[in-house]
1. Could you please state how large a percent of the accessible area of the chain is carbon and sulfur, counting protein chains only and using a 1.4 Å probe?
2. With a point put 7 Å past each Cα toward its Cβ, work out how far Asp66 is from Thr241 in nm, to one decimal.
3. At 222 nm, what helix-only mean residue ellipticity would the chain give, in deg cm²/dmol to the nearest 500, using -39500 (n - 2.57) for each DSSP H run of four or more?
4. Can you tell me the FRET efficiency between Glu211 and Asn91 if r is taken as the Cβ-Cβ distance and R0 is 25 Å, rounded to the nearest 0.05?
5. Please tell me which of these pairs span more than 26 angstrom C-alpha to C-alpha: Lys188/Lys216; Lys29/Lys135; Lys121/Lys221; Lys67/Lys221; Lys67/Lys121; Lys135/Lys214?
6. Once you put a point 7 Å from the Cα of Ala145 and another 7 Å from the Cα of Glu38, both along the Cβ direction, what distance in nm separates them?
7. Using 1/(1 + (r/R0)^6) with R0 = 22 angstrom and r between the beta carbons of Gln26 and Ser79, what's the FRET efficiency to the nearest 0.05?
8. Dipole size in debye (nearest 20) for the chain around its Cα centre, Lys and Arg Cβ +1, Asp and Glu Cβ -1?
Amino acid sequence: MKWVSLFIIGFLRLGCFAQNGHEITQVSKDIDLIRLSENAYVHVSRHDMPGYGVVSSNGLIFITGDKEAYLFDTPMTDSQTKDLVLWLEDNLGVSITGFIPNHWHDDCLGGLRYLQSRGIKSYANQITIDSAKAKNLPVPEYGFADSLELNLGDEIIDCYYLGAAHSTDNIVVWIPSEQILFAGCMLKSMDSKNLGNTADGDIDAYPVTIEKLKAKFPVAKVVIPGHGQFGGLELIEHTRTLIFNSEYLIEK
């Protein structure tokens, strides 16, 4: 019966990671897909980062009925991004037609070179584009300032720059039809004890940006942070608590 016990333990662990019964699929040894709805998936990738160990990062995939999709944040590397895109093509029949990074860090932009090699259009905050150029990183094609509305079939995707927080360029993505808010690294998962890496951010602006976020998306049903488990509006409140309690501002 040992193998049965191992299977049950593995299943329980998988179910816990998948969160509240959401279907989870393994794309590769370091990438998983969590199905949020018929049209939306969270992609979770893991990468060994010096000084931090193995870190998991979240991104979003939104798919229309005609199997066109937008990708929000890539895994950390081109090779992982290739694995994800090819899996989507081969197993879901999905074609990635556009890409938007949350900000310029590798856990958002790390696979852009691969996407560009495939001719996939990329959009970003103009500050992200300027940062990528300055740091000799791959550069998204199309920039915006305060907001950008994208159309995917009959669906609308809204991108907003609300101000600096985790980074000076971080944006949020809102999918009205799904009431999904992908806020990336400016929001922390419920098990986070601090704001993490804010070396490229703005601690003074952080609380103002989060207040704007809270006011703008009161009806969000699914809220996705850059790392850790997704949830609901409680992630915004948890992040506010970390900000306003100075004891938890940065990593210790």
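The values are calculated or read from the model by the stated rules, or taken from the named source; none is laboratory data. Only a predicted model underlies this, so the values are computations on that prediction, with no experimental measurement involved. For neighbour counting, all protein chains shown are included, and Cβ atoms are generated from backbone atoms with ideal geometry for every residue, glycine included. For the accessible areas, the whole protein counts, side chains as well, though only heavy atoms, and no ligand, DNA or RNA atoms are used. Shrake-Rupley method; radii C 1.70, N 1.55, O 1.52, S 1.80 Å.
1. 53
2. Roughly 4.6 nm, to one decimal.
3. -8500 deg cm²/dmol
4. Plugging the Cβ-Cβ distance into 1/(1 + (r/R0)^6) gives 0.05.
5. Lys29/Lys135; Lys121/Lys221; Lys135/Lys214
6. 3.9
7. On the way: r = 17 Å, r/R0 = 0.75.
For R0 = 22 Å, the calculated efficiency reads 0.85.
8. Computed charge dipole of the chain: roughly 540 debye.
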